[in-house]
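Here the structure is laid out as structure tokens; the discussion comes afterwards.
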Amino acid sequence: MRVADVKTGSDPRHWAIFERQKRIHKHIAENGMINPIVVSSNNELQIGGCRLQYAVLNGWEDIPAIIIDDLDEVRQKQKEMAMFEYTFLSEKFIEIKGA
């Protein structure tokens, strides 16, 4: 999907970069984009803010994305992606949003 088509509440270039984001950005730089971002059918970002931010900051035109509208599916996908993050982030950096 085109990075410019992803809808967020604000510009990812202005989002803060905390230690968690730095670690995810570093992982992407070293290993590529392993997990896609998740958007709704109207292109609203559901999961993957750090990945989208990396793509924006590095001038990517396209980003891997999957479309999910069902909130239960979004929550399940978030848990799956968090399990992947456990492979390279310590627990204090894992972020699973509540329902």
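What follows draws every value from the coordinates through simple rules; no lab data is involved. None of the values given here were measured: they were computed from a predicted structure. As a convention, Cβ positions derive from the backbone with ideal geometry for all residues, glycine included, and neighbour counts pool all protein chains shown.
Can you match Cα extents along the principal axes in Å to one of these, [x] 33, 32, 22; [y] 38, 30, 22; [z] 72, 16, 15, based on a calculation from the structure here?
Working out Cα extents along the principal axes in Å from the coordinates points to [x].
With point charges of +1 on the Cβ of Lys and Arg and -1 on the Cβ of Asp and Glu, referenced to the Cα centre of the chain, which listed residue (I34, A65, C50) lies farthest in the positive direction of the dipole?
Checking the options against the dipole of the chain, the answer is C50.
Counting other C-beta atoms within 10 Å, which of L57, L45 has the fewest, and how do the rest follow? Write down the numbers at each step before the final one.
On the way: L57 14, L45 18.
Arranged by neighbour count, lowest to highest, L57, L45 become L57, L45.
Rank the residues R13, R20 as a footprinting-exposure proxy: fewest other Cβ atoms within 10 Å of their Cβ go first.
By the 10 Å Cβ count, ascending, the order reads R13, R20.
Of the candidates A82, A29, A55, which one comes out as most mobile in a Gaussian network treatment of the chain with C-alpha springs shorter than 10 Å?
Looking only at A82, A29, A55, the largest GNM fluctuation is found for A29.
Would you work out the relative contact order for segment 3-90, in percent, from Cα pairs under 8 angstrom that are 6 or more residues apart? Could the numbers behind the result be given before it?
Working: 91 pairs, mean separation 29.5, N = 88.
Relative contact order, segment 3-90: 34 percent.
GNM, the chain, Cα, under 10 Å: largest mean-square fluctuation among I34, I24, I67?
I34
Give me T8, T87 ranked fewest to most by other Cβ atoms within 10 Å of their Cβ, as a rough exposure proxy.
Fewest-to-most Cβ neighbours within 10 Å comes out as T87, T8.
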